[in-house]
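Below you'll find the structure, written out as structure tokens, and then a few comments.
The values are calculated or read from the model by the stated rules, or taken from the named source; none is laboratory data. Here the structure is a predicted model, which is why all the values come from computation and not from measurement. Backbone-built Cβ (ideal geometry, glycine too); neighbour counts: all protein chains shown. For accessibility, only protein heavy atoms count, side chains too; no ligands or nucleic acids. Shrake-Rupley method; radii C 1.70, N 1.55, O 1.52, S 1.80 Å.
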Amino acid sequence: MSPASRPALGRFIRYVPRVAVAVVAALALSACGGGSEKAESKPSGEASGKSAAFPVTVEHKYGSTTIESEPKKVVTLGLSDQDAVLALGVKPVGAVDWFKEQPYGKWPWAKDKWGSTPPQIVGERDEYNVEKIAALKPDLIIAQYSGMKKEQYETLSKIAKVVAQPKGHEDYQAPWQDMTRQIGKALGKSAETDKLISDIDARFKAVRDKHPEWKGKTVAVGEPYEPGKFSAFSPKDPKVIFLTEMGFTTSEKYRAALGKENIADLSFERFDVMEADRTVWLGTPDTEKALKADPLYKKTKVNQEKRDVFLPYDSPDIGAALSFNTVLSIPYAIDQVVPMLEAIK
């Protein structure tokens, strides 16, 4: 994955070397022992298996997938897909790791839903352990907030039904609503999904109604990740979308600097890109301290006029909640971020 196309990962994996988890497909399919066939011919005599919702056909980046009956064993390969699945009452049997905390770790918005049944970790980011996935014998694999490649899709489709990322969007840039609807449809829970989305929309509307002064104000979101360098996030990145749903927008200069990329790595000499009515930085107390002490940053108007806000990735997990930007994490993030924005005059 190129630096420009990767999702915002934060300090949790900035300096963590990638783990080689790719396994030869032939070995995985052999280990599977015909798991795909078994999943497709699995008896569906249970009442839930005969739900009127099925069969359903879900279109995605690599075509369409028809799911004949209610999935019983689900693996999520999108970095935050497990949240929507959990919100719809299904516990994935497998998921990928993103923040080096494991998806069932400490996140306050999802911890209770996992309970004492954590999933099997079947990969790190977009590198999937096909052998582990096959061993779980899933009947549905979901990869929405992902960078899944076509060859990966084709390999995994030999194991189970696969719903890849939404079509018509760059990887990691599909709206959370679209990804949630894709997941809900695949699970035969479209009505429940619409309710989850409408509840979140109502929360954002309440914020906009309370703060009409935010409408049209510009926002920029970045992360200093090493001395002299920072990342700026696309207007289509979950963190920026979270803020625009409160009424904010992005400047023409900011949009031009990002182009079609999900993330742009820039030097401190380009702080001009981050000049906005509200500039949001994610990171750690150490990166915040270093940024505030930097001579170039001290010269920015947003710093001098105290229109910047720093959101930690953990303790509390605000940055992580914005990065996930799911039906589970958004309410938590709203509760945390709105008071911090209100404090900026």
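Counting only DSSP H runs of at least 4 residues, each contributing -39500 (n - 2.57), and dividing by the residue count of the chain, the helix-based mean residue ellipticity at 222 nm comes to -10000 deg cm²/dmol. Counting every alpha-carbon pair across the range 236-337, the share separated by more than 24 Å comes to 24%.
Rounded to a whole number, what % of the accessible area of the chain do carbon and sulfur atoms account for, probe 1.4 Å? Looking at the chain in its full context, I get 52 percent from C and S.
If packing is taken as the average number of other Cβ atoms within 10 Å across a peptide's residues, how do 199-211, 249-261 rank, most packed first?
Descending mean neighbour count gives 249-261, 199-211.
Taking every alpha-carbon pair in the range 299-338 and binning the separations at 10 Å intervals from zero gives 30, 40, 25, 6 percent. In the chain, the longest principal axis of the Cα atoms and the axis of helix 329-342 are about 10 degrees apart.
With distances taken between every two different alpha-carbon atoms, the range 63-162 has a Kirkwood hydrodynamic radius of 13.5 Å.
Label positions at LYS298 and HIS211, each projected 7 Å from the Cα along the C-beta direction, are separated by 2.9 nm. Pairs spanning more than 25 Å between alpha-carbon atoms, out of LYS111/LYS217; LYS217/LYS306; LYS73/LYS158; LYS215/LYS292; LYS149/LYS253: LYS111/LYS217; LYS215/LYS292; LYS149/LYS253. Between the Cα long axis of helix 190-210 and the first principal axis of the chain there is an angle of about 10°, rounded to the nearest 10. Computed over the alpha-carbon pairs of the range 167-251, the distance histogram in 5 Å steps reads 3, 13, 17, 18, 19, 14, 9, 5, 1, 0 percent, short to long. I'd like the orientation of helix 176-186 relative to the chain: the angle between its Cα long axis and the longest Cα principal axis, in ° from 0 to 90, rounded to 10. Helix 176-186 sits roughly 10 degrees off the main axis of the chain.
Remark: the chain carries 43 Å² of accessible area per residue (probe radius 1.4 Å; ligands, DNA and RNA excluded). Centre-to-centre, using Cα atoms only, the range 284-335 and the range 158-185 are separated by 28 Å. Distances between every pair of Cα atoms in the range 231-284, grouped in 10 Å steps from 0 to the bin holding the largest one, split as 24, 63, 13 percent.
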